[in-house]
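The values are calculated or read from the model by the stated rules, or taken from the named source; none is laboratory data. All values reported here derive from a predicted model rather than from experimental measurement. Counting neighbours? That spans all protein chains shown, and the Cβs are built from the backbone with ideal geometry, glycine included. Just so you know, the surface numbers come from the protein's heavy atoms only, side chains and all, with ligands and any DNA or RNA stripped out. Shrake-Rupley method; radii C 1.70, N 1.55, O 1.52, S 1.80 Å.
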Amino acid sequence: MKINFKFKICILIIGSLFALTNCTDPGDDSNIAKPIALGSPIINQATDVNSNGFKISWTRVYNAENYELDIALNNTFESYVTGYQGKSVTNMYEEVNGLNESTNYFCRVRAINSNETSKNSAIIQTTTLEGNGPEPTTALKDASTTFMVGMAVKAQQLTNGSKYDEILKKEFSSISAEYEMKMNIIEPTKGNYDWSKADAIVDYAVANGINVHGHALVWHESAPDWLKNYTGTNDEFEQEVKNYITAVLTRYKGKVASWDVVNEAINDTDGSLRNSVYREKMGDDFVAKCFEFAREADPDVLLFYNDYSVTTNTTKQTAIFNLIDDLQTNNTPIDGVGFQMHIQYNSPSIDQIKTAVDKAVERDLKLHFSELDVRVNPDKDITTFTSERAIAQKNKIKEVVATYNAIPAKNKYAITVWGMKDNDSWLISHHNNANEWPLLFDSNFEIKKAHTGFLQGLD
Ligand code: 9MR
């Protein structure tokens with residue numbers, strides 16, 4: 001009896017609930033069936049993983065018209081792989097290529113139709129493999145069709161028939177003097193010009209059909225002592241600077257295509273104009289004056305402002321572009337900007353490079369990555385060149401070159417590497433660190449992964 005009674009109560013409650021949920025009220029459309037929310041795809045672990053890519057796949061979602069795939073370098077999806085921020089895919093898989101070796105990638109996917117976007121799938125992580133086999137021997141200058149590939153040289157290294165000479169001619173289409181076309185070398189004492197080293201470099205380039213980028217007319221660090229300790233009037237000082245610029249540009253007219261007119265005029269700390277003998281004697285507009293002197297001496301040569309830490313020090317970056325804006329506003333003849341690119345295996349990021357690069361492009365300037373080297377041991381934490389650092393260096397160079405290669409052709413000039421072999425680098429002598437391997441060839445002239453990274457950045 002009791003059971004029967006309970007059973008009846010139950011039926012009653014269920015019945016009333018049923019009646020309630022079905023009661024209709026004209027004008028209330030809550031009873032119209034809502035579309036089922038678009039489900040998220042289930043993403044699979046990557047397959048076919050190799051040193052520059054992998055295949056990623058996911059399950060079909062009912063009612064999906066296509067899918068959006070994100071691939072990033074971090075699991076917070078702040079730094080996307082180019083082309084993979086919400087890439088629209090109609091299949092349920094994607095073959096991803098052109099990635100860096102030994103690098104972590106994070107992937108997620110969502111379903112799309114004309115009404116809805118589903119939630120993201122879970123995130124999967126995959127690591128590309130380390131490349132093996134010999135490095136490709138394609139010459140950089142052959143692979144680079146829209147800009148020159150340059151290298152810093154020293155006159156004594158330009159011996160015909162040497163290994164150095166062979167690689168230089170094969171790989172590079174432009175050279176800069178690492179220090180022998182600076183004022184302390186060319187005019188070591190007042191009025192006495194020593195052209196021997198500069199001529200050797202320019203003659204070598206002319207004989208071999210190689211471009212010369214002149215470096216550098218005015219740099220506080222290479223002002224000769226007689227100029228630093230100048231005792232004449234400010235007008236006389238300015239005339240000395242003008243005479244020097246005129247003499248150099250006149251001598252190399254038609255042979256040197258471009259010059260760093262002023263090098264490193266901005267302070268690192270606050271972006272103010274650096275104090276130097278030039279600023280003291282010629283005033284704050286010494287930069288503009290030097291560009292004017294250069295243009296007067298050679299109407300055809302390209303004139304660059306050159307500096308370091310442009311991508312990483314944003315205060316300095318802003319100040320450099322403010323300086324350039326002032327020059328352009330006043331019709332001072334400036335054609336381009338050089339970012340030195342003395343960088344590290346782990347810095348700057350692609351985004352930092354891109355931000356700085358965009359500022360040059362917006363101003364219609366030619367951009368020169370003028371002194372590229374990539375430190376792998378900035379914290380002095382390794383004593384041998386590890387495979388991990390070699391790969392990181394390669395990947396960083398690939399990012400640098402790919403970012404440069406993506407700018408419009410009219411803004412391109414050259415990427416110049418600051419030396420050929422690791423043991424030639426100023427970083428070893430100037431930083432007293434024998435454990436540094438910053439260039440594209442090792443000390444035995446062997447091609448490094450860094451060279452491959454440069455080639456891959458051109459793909
Ligand atoms: O690498 C150059 C080194 O061999 C010279 O001794 C030095 C002084 O002339 O200059 C080095 O090059 C610098 C370049 O001219 C300007 N940017 C920083 C470079 C490294 O110090």
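Residue pairs whose Cβ atoms lie under 7 Å apart, separated by 6 or more positions or on different chains, with the first residue in segment 273-285 and farther than 17 Å from Ile334 by Cβ and the second small (Gly, Ala, Ser), are Arg274/Ala265; Val277/Ala223.
Can we say Glu362 is surrounded by fewer than 22 Cβ atoms within 10 Å (Cβ to Cβ) and within 30 Å of Glu296 (Cβ to Cβ)?
yes
Close contacts from segment 300-314, counting a first residue that is farther than 19 Å from Arg274 by Cα and a second that is hydroxyl-bearing (Ser, Thr, Tyr) and open to solvent by 10 Å² or more (accessible area, probe 1.4 Å), with Cβ to Cβ under 8 Å and a gap of 6+ residues or different chains, come to Leu302/Tyr413.
For segment 57-85, which positions are open to solvent by less than 20 Å² (accessible area, probe 1.4 Å) and over 28 Å from Gln393 (Cβ atoms)?
Quick first cut of segment 57-85, residues open to solvent by less than 20 Å² (accessible area, probe 1.4 Å) only: 58, 61, 67, 69-72, 77.
Of everything in segment 57-85, those that are open to solvent by less than 20 Å² (accessible area, probe 1.4 Å) and over 28 Å from Gln393 (Cβ atoms) turn out to be Trp58, Val61, Tyr67, Leu69.
Taken as a whole, the structure leaves Pro348 outside the set of residues that are under 18 Å from the mean Cα position of the chain (by Cα), open to solvent by less than 20 Å² (accessible area, probe 1.4 Å), within 16 Å of the ligand (Cβ to nearest atom) and not acidic (Asp, Glu). Tell me whether segment 210-227 contains one or more residues that are farther than 29 Å from Val357 by Cα, open to solvent by 10 Å² or more (accessible area, probe 1.4 Å) and not hydrophobic (A, V, I, L, M, F, W, C). The answer is yes, given that some residue of segment 210-227 is farther than 29 Å from Val357 by Cα, open to solvent by 10 Å² or more (accessible area, probe 1.4 Å) and not hydrophobic (A, V, I, L, M, F, W, C).
Within segment 31-74, being touching a Lys or Arg at 6+ places or on another chain (Cβ under 9 Å), of a type in the set (S, T, N, Q) and farther than 26 Å from Asn115 by Cα holds for one residue alone: Thr47. Within segment 406-438, count every residue that is modelled with pLDDT of 95 or more, out of contact with any Asp or Glu (no Cβ under 7 Å at 6 or more places or on another chain) and more than 14 Å from the ligand (Cβ to nearest atom). Result for segment 406-438: 11. Number of residues in segment 200-224 that are free of Cβ contacts under 8 Å to residues at least 24 places away in the same chain and assigned to a helix (DSSP H, G or I): the value is 2. Of everything in segment 86-100, what is surrounded by 12 or more Cβ atoms within 10 Å (Cβ to Cβ) and within 21 Å of Val400 (Cβ to Cβ)? Give them in sequence order. Across segment 86-100, the qualifying residues are Gly98, Leu99, Asn100.
Criterion first (open to solvent by 60 Å² or more (accessible area, probe 1.4 Å), touching a helix residue (DSSP H, G or I) at 6+ places or on another chain (Cβ under 9 Å) and within 17 Å of Ala402 (Cβ to Cβ)) does Thr103 satisfy it? So Thr103 fails the test.
For segment 423-459, which residues satisfy the criterion of being over 20 Å from Ser173 (Cα atoms) and not in a loop (DSSP other than H, G, I, E, B)? Selection gives Asn423, Trp426, Leu427, Ile428, Ser429, His430, Lys449. Of everything in segment 150-205 that's basic (Lys, Arg) and within 13 Å of the ligand (Cβ to nearest atom), which residue is least open to solvent (accessible area, probe 1.4 Å)? Restricting to residues being basic (Lys, Arg) and within 13 Å of the ligand (Cβ to nearest atom), the top hit is Lys182.
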